[in-house]
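Notes follow once the structure below has been shown.
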Amino acid sequence: MQEFKKKLSEAIVSVIEDFFQVTEIKAEDIYSYLEYPPDDKLGDLAFPCFRLSKLLRMAPPKIAESLKEKISDFPFWTAEAVGGYLNIKIKNEYLESKVLGNIEEQGDNYGSNNIGKGKTVVLDYSSPNICKPFHIGHLGTTVIGHSLKLIHSFLGYNCIGINYLGDWGTQFGKQIAAFKKWGDREVIERGGVDELVKLYVRYNNECEENEELKDEARAEFKKLESGDEENLELWKWFVSISLKEYQKTYKQLGIEFDSYKGESFYTDKMPAQVEKLRASGLLKIDDGASIVDLTEYGMPPCLILKKDGSTLYPTRDIAAAVYRKETYNFDKCIYVTSSAQSLHFAQWFKVVELMGYDWYDKLVHVPYGTVSIDGSKLATRTGNVILLKDLFAQSIEKVKEIMKEKNPDLVDADEVAESVGVGAIVFYYLYNNRIKDINFTLEQALSFDGNTGPYAQYTYARTCSILSKADEAGIKGCGGKISHDSEAELLKVLSRFSEAVIEAHNEYEPSVITRYIIDLCSSFNHFYRDCPIVTAEDDDIKQFRVRLTRAANGVLKTALHLICIKTPEKI
């Protein structure tokens, strides 16, 4: 559709220049004004002529009539003037030759472009805290972040995915102290992160009654920071156990990272940034703590050092950003975290600017809303969490039950059930705008009807089945023309894929792709309902519909990949 809109915009500008003798308006302006009508009976695109009324000194309806007369001769569309709108209907010849032709020619690259060529994007996402479970609250940063990485990569960017592990801080003093009091190495080796969490929760609970335990934890972390061999060994062990657990979840999601450098990596890189702040006169002492005053920017002070001289999150984030710029020379550095951290990012982004780093405007915070289960919020400290591995396991088991009824003889049933079960949860999460809070309901996510992952994956499997039958029947899928409105409508939806990708990129919003997938599935299933494909009587019609199915199959597979969803060919 982008190519069509560009041609239409150029045609309208040409008429304005030749007929109205006005040269101030550009094709880019016209392009930005084009709209999709609320009712497709009105047309495929609409140009609101009131946008030109002041420039042309003419009423919108008259402009619409004049434009209609002049652009109706162009080969790819028909035009109608309705009130102050110029309504455009795309001709079937354009859909056949350009849209379907481009899909067949470009294959897996259809919908992409090179806007990111020569540019590097660093994406900081997932980043769980070591020694804590991977729960549903981590799902947002993980799947939004990875989807944004896939979208940027699809558009030609060199992408660096960083898992900025929470592997440093005072909580490790509690974890070490808890292990020394009650821990058993063999039990933890068997139980992994779950056993570490039990110790952590127990220690936290007992801290409420015993203040001395807090002092013990602080002392243990102080020893860790000072390089105590025993505590360092324990800390490294905790990290390795946690990573082993997280990798299982990442494998289910099909996610790999380019770097696992956590907070601890930047311990020796923070002093240089603190000194730069001090040398520039930005660092001030407030009640013993070192801060950067941001009052004139409408924000509270940014804490850099505590009273005891220990660092805080902003200190580490600034050091990490400097390291990443020096290492990767990024054009954008994207941070995907909860909207609750928006102030934190606004503060240290401003500090980076005040420090004189000219790349401060390349830092991007992508916030997202909270997730709950039946209205219940999650908290690791109290043990009130829904573990992602448990949710995945429950979803996979329910999918297995559904599949036994739908397709009891399915080969690789376990693998397919995992793809559908995990995909259902991811799709459910990514369907809504990322900033919205989500109340997760597994039953809704697993439905094979409606706007869900199973519905999308089942539609993809249906296209695979049709293509397999066509191959068995020797139908190559070549030639032919549009013979039914449902074919034309499907091609129009396919034509909008590149726009969806660009919008998702511009808005850092994977839900644009997710909703496009639902539109595509709905359009394909209408086509499937209305149009016999392999069994069509006319050979040319049969050939064309197989071509169209192949096109839908390819675009749907690409779109699902961009939101981290796997595509089993049979369900």
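Quick rundown of the values:
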quantity: Any pair with Cβ under 8 angstrom, 6 or more apart, that starts in segment 407-423 at a residue that is in the same structural domain as residue 453 (by TED's automatic domain parsing) and ends at one that is among the hydroxyl-bearing types (Ser, Thr, Tyr); calculated: 419/567; 421/395; 422/395
quantity: Test result for residue 567, touching a Leu at 6+ places or on another chain (Cβ under 6 Å) and under 25 Å from residue 417 (Cβ atoms); calculated: yes
quantity: Filter result (modelled with pLDDT of 90 or more, more than 13 Å from residue 85 (Cβ to Cβ) and out of contact with any Lys or Arg (no Cβ under 8 Å at 6 or more places or on another chain)) within segment 30-53; calculated: 30, 32
quantity: Residue match in segment 470-487 (condition: in contact with a Ser or Thr (Cβ under 8 Å, 6 or more places away or on another chain), on the phi < 0 side of the Ramachandran plot and free of Cβ contacts under 8 Å to residues at least 40 places away in the same chain); calculated: no
quantity: Count of segment 220-232 residues which are modelled with pLDDT of 95 or more and either touching a Leu at 6+ places or on another chain (Cβ under 8 Å) or of a type in the set (A, V, I, L, M) (or both); calculated: 2
quantity: Residue within segment 484-504 that is under 30 Å from residue 414 (Cα atoms) and at pLDDT 95 or above present; calculated: no
quantity: Residue 316 being within 20 Å of residue 262 (Cα to Cα) and more than 23 Å from the chain's Cα centre (by Cα); calculated: yes
quantity: Residues satisfying the stated conditions in segment 429-473, i.e. of a type in the set (D, E, K, R) and either over 18 Å from residue 399 (Cα atoms) or outside the structural domain of residue 557 (by TED's automatic domain parsing) (or both); calculated: 434, 436, 437, 469, 471, 472
quantity: Exclusive hit being modelled with pLDDT of 95 or more and under 14 Å from residue 137 (Cα atoms), set 337, 370; calculated: 337
quantity: Unique match (being of a type outside the set (Gly, Ala, Ser), under 18 Å from the mean Cα position of the chain (by Cα) and outside the structural domain of residue 477 (by TED's automatic domain parsing)) among 150, 95; calculated: 150
quantity: Pair list, Cβ < 9 Å and 6+ apart or interchain, from segment 509-534 residues that are at pLDDT 95 or above to residues that are of a type in the set (Ser, Thr, Tyr) and not in a helix (DSSP H, G or I); calculated: 518/452; 531/483
quantity: Identity of the residue in segment 163-194, more than 31 Å from the chain's Cα centre (by Cα) and assigned to a loop (DSSP other than H, G, I, E, B), that ends up modelled with the lowest pLDDT; calculated: 170
quantity: Residue match in segment 532-546 (condition: more than 19 Å from residue 471 (Cα to Cα), part of a helix (DSSP H, G or I) and in the same structural domain as residue 408 (by TED's automatic domain parsing)); calculated: no
quantity: Residues within segment 28-42 that are under 21 Å from residue 500 (Cα atoms) and part of a helix (DSSP H, G or I), tallied; calculated: 7
quantity: Selection within segment 451-475 - in contact with a helix residue (DSSP H, G or I) (Cβ under 8 Å, 6 or more places away or on another chain) and assigned to a loop (DSSP other than H, G, I, E, B); calculated: 451, 452, 475
quantity: Meets criteria (loosely packed, with under 14 Cβ neighbours inside 10 Å, over 20 Å from residue 492 (Cβ atoms), of a type in the set (Asp, Glu) and within 39 Å of the chain's Cα centre (by Cα)) for residue 17; calculated: no
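The values are calculated or read from the model by the stated rules, or taken from the named source; none is laboratory data. Because the structure is predicted, anything quoted here is derived from the model rather than measured. Note that we place each Cβ from the backbone using ideal geometry, even for glycine, and neighbour counts take in every protein chain shown.
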